[in-house]
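A.B. asks: This structure is in structure tokens; I'll ask about it shortly.
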Amino acid sequence: MQKKAKLILTEAKEAFEKSPTTKLLYDLKVKYLGKQGLFSELMKGLGKLSKEDRPQVGKEVNIVKNELESAYQVRLQQLDDLEMNKKLQTEHLDLTLPGPDAPRGNQHPLTQTMQEIVGILSKIGFTVRTGPLIETDWYNFEALNIPKDHPARDMQDTFYIDDTHVLRTHTSPVQIHTMQDEKPPIRILSPGSVFRCDADVTHSPNFYQIEGLLIDKDVSMAHLKGTISFFVKQYFGTKIKTRFRPSFFPFTEPSAEVDCSCPQCNGKGCRICSHTGWIEIGGSGLVHPNVIKSAGLDSDEFTGYAFGFGVERMAMIKYGVDDIRLFNENDVRFLGQFN
Ligand SMILES: [Zn+2]
């Protein structure tokens with residue numbers, strides 16, 4: 001029996017040595033050392049031996065079995081090392097390669113538009129002022145010559161917080177704050193969020209305005225028109241014309257709506273300008289004496305002009321965007337185009 005065990009050991013050792021991979025080595029382990037392997041078969045023969053012989057033979061066969069197990073472990077380690085070395089040589093890792101590019105963001109198109117408008121008008125002396133989003137009824141309406149019965153105060157147009165506070169419906173309250181805090185000459189821009197109960201393809205309940213105010217002595221419509229024409233040429237292009245249409249706003253007198261020749265078709269007529277060649281871009285006028293008075297200034301001494309643009313509208317006209325809601329949907333495929 002011991003002889004047979006040693007034969008198995010010799011045969012197995014040779015097979016282990018010749019095994020080229022860990023997988024084949026494992027198959028050999030099953031063949032010799034598995035539960036139904038050759039060694040287990042041999043051990044079954046112990047039962048047939050006499051009581052006296054059994055312990056000694058069992059001990060010797062076990063020593064052979066242990067030897068076989070350690071031979072397996074040695075070969076396994078050798079093959080593991082070989083396979084690892086081969087892997088390290090073929091799968092070369094270049095740690096000096098640069099990593100994958102991280103996607104780069106850009107500023108929101110409305111932020112870009114506001115910054116562009118501010119940039120243009122700051123060249124002719126305008127500086128930025130901001131104000132609170134929640135205003136009192138007085139700053140948002142009363143001081144701007146909007147009487148109690150004016151339709152703009154309608155609950156359907158204005159978000160009321162309580163009887164005397166509203167989410168500002170325009171950036172014009174900043175005009176009043178500035179005239180109260182600073183002495184003329186005043187030349188400011190107020191960009192920011194405004195709120196109205198309105199939502200469709202061209203109206204959003206929260207949108208952006210940028211407003212300009214100039215207060216000085218002897219200010220006329222000619223100054224206003226010169227400023228707007230300069231701005232339009234800078235923003236849309238030097239070929240773009242400006243025209244004023246008489247209009248009515250409570251806070252200016254006289255008032256004018258501002259149109260520019262359509263930048264998409266150069267005034268020839270297209271879908272964007274409803275085939276008229278002109279697009280309305282905002283409102284303007286000379287500051288109403290009542291507004292100057294309510295801010296605490298002498299309306300005989302000081303005059304001024306004001307103008308306001310919708311930021312979304314300016315971006316939509318310039319880039320040909322036809323749905324205002326795209327600006328608020330946070331779709332990076334849309335927003336990433338404005339770089
Ligand atoms: Zn057009």
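The values are calculated or read from the model by the stated rules, or taken from the named source; none is laboratory data. Note that the coordinates shown come from a computational prediction; the quantities given were computed from them, not determined experimentally. Note: ideal-geometry Cβ built from the backbone for every residue, glycine included; neighbour counts use all protein chains shown.
A.B. asks: So in the stretch 225-243, with the set limited to residues that are under 30 Å from W138 (Cα atoms) and of a type outside the set (A, V, I, L, M), which one is farthest from the ligand (Cβ to nearest atom)? Spell out the reasoning first.
C.D. replies: Keep residues of the stretch 225-243 that are under 30 Å from W138 (Cα atoms), which gives 225, 227-228.
Then keep just the ones that are of a type outside the set (A, V, I, L, M); that gives 225, 227.
Details: K225: 22, T227: 24 Å.
So, considering only residues that are under 30 Å from W138 (Cα atoms) and of a type outside the set (A, V, I, L, M), the one farthest from the ligand (Cβ to nearest atom) is T227.
A.B. asks: Determine whether the stretch 250-264 contains at least one residue that is free of Cβ contacts under 8 Å to residues at least 12 places away in the same chain and either within 16 Å of the ligand (Cβ to nearest atom) or touching a Phe, Trp or Tyr at 6+ places or on another chain (Cβ under 9 Å) (or both).
C.D. replies: Checked the stretch 250-264: no residue is free of Cβ contacts under 8 Å to residues at least 12 places away in the same chain and either within 16 Å of the ligand (Cβ to nearest atom) or touching a Phe, Trp or Tyr at 6+ places or on another chain (Cβ under 9 Å) (or both).
A.B. asks: Here's something else I'd like to know. Within the stretch 278-291, does at least one residue satisfy the condition of being within 16 Å of the ligand (Cβ to nearest atom), at pLDDT below 95 and either in contact with a helix residue (DSSP H, G or I) (Cβ under 8 Å, 6 or more places away or on another chain) or among the small types (G, A, S) (or both)?
C.D. replies: Scanning the stretch 278-291, I find at least one residue that is within 16 Å of the ligand (Cβ to nearest atom), at pLDDT below 95 and either in contact with a helix residue (DSSP H, G or I) (Cβ under 8 Å, 6 or more places away or on another chain) or among the small types (G, A, S) (or both), so the answer is yes.
A.B. asks: Out of the stretch 32-57, which residues are within 14 Å of E69 (Cα to Cα) and part of a helix (DSSP H, G or I)?
C.D. replies: Answer for the stretch 32-57, where residues must be within 14 Å of E69 (Cα to Cα) and part of a helix (DSSP H, G or I): Y32, L33, L38, F39, S40.
A.B. asks: For the stretch 130-140, which residues satisfy the criterion of being under 11 Å from I176 (Cβ atoms) and not in a helix (DSSP H, G or I)? Walk me through how you get there before you give the answer.
C.D. replies: Taking the stretch 130-140 as the starting set, the residues that turn out to be under 11 Å from I176 (Cβ atoms) are 131, 135-136, 138-140.
Correct list: G131, E135, T136.
A.B. asks: Moving to a separate point now. Would you be able to tell me the number of residues in the stretch 53-89 that are surrounded by 15 or more Cβ atoms within 10 Å (Cβ to Cβ), under 14 Å from Q2 (Cα atoms) and of a type in the set (K, R)?
C.D. replies: The total comes to 1.
A.B. asks: Please enumerate the residues belonging to the stretch 73-104 that are of a type outside the set (A, V, I, L, M, F, W, C) and in contact (Cβ under 8 Å) with a residue 60 or more places away in the chain.
C.D. replies: E83 - this is the single residue of the stretch 73-104 that is of a type outside the set (A, V, I, L, M, F, W, C) and in contact (Cβ under 8 Å) with a residue 60 or more places away in the chain.
A.B. asks: If only one of S274, S299 is surrounded by fewer than 16 Cβ atoms within 10 Å (Cβ to Cβ) and either more than 23 Å from R187 (Cα to Cα) or away from the ligand (no atom under 12 Å from the Cβ) (or both), which one is it?
C.D. replies: Selected residue: S274, the only one of S274, S299 that is surrounded by fewer than 16 Cβ atoms within 10 Å (Cβ to Cβ) and either more than 23 Å from R187 (Cα to Cα) or away from the ligand (no atom under 12 Å from the Cβ) (or both).
A.B. asks: Among the candidates S190, S204, which residue alone is in a loop (DSSP other than H, G, I, E, B), surrounded by 13 or more Cβ atoms within 10 Å (Cβ to Cβ) and within 33 Å of the chain's Cα centre (by Cα)?
C.D. replies: Answer to the check: S204.
A.B. asks: Determine, yes or no, whether A222 is more than 29 Å from P151 (Cα to Cα) and away from the ligand (no atom under 16 Å from the Cβ).
C.D. replies: Criteria met by A222.
A.B. asks: Spot the failing condition for A306; the list is (1) in a loop (DSSP other than H, G, I, E, B); (2) buried (at least 21 other Cβ atoms within 10 Å of the Cβ); (3) among the hydrophobic types (A, V, I, L, M, F, W, C); (4) over 32 Å from the mean Cα position of the chain (by Cα), and only one is missed.
C.D. replies: Result: A306 fails condition (1) only.
A.B. asks: Against the condition touching a Ser or Thr at 6+ places or on another chain (Cβ under 7 Å) and on the phi < 0 side of the Ramachandran plot, how does F244 come out, does it pass?
C.D. replies: Numbers: touching a Ser or Thr at 6+ places or on another chain (Cβ under 7 Å): no; on the phi < 0 side of the Ramachandran plot: yes.
It is false that F244 is touching a Ser or Thr at 6+ places or on another chain (Cβ under 7 Å) and on the phi < 0 side of the Ramachandran plot.
A.B. asks: Among (1) acidic (D, E); (2) surrounded by fewer than 11 Cβ atoms within 10 Å (Cβ to Cβ); (3) in contact (Cβ under 8 Å) with a residue 40 or more places away in the chain, which single condition is D157 missing?
C.D. replies: Tallying (1) acidic (D, E); (2) surrounded by fewer than 11 Cβ atoms within 10 Å (Cβ to Cβ); (3) in contact (Cβ under 8 Å) with a residue 40 or more places away in the chain, D157 fails exactly one: (2).
A.B. asks: Report yes if D331 is free of Cβ contacts under 8 Å to residues at least 12 places away in the same chain, more than 13 Å from the ligand (Cβ to nearest atom) and either small (G, A, S) or over 20 Å from R245 (Cβ atoms) (or both), otherwise no.
C.D. replies: In short, yes.
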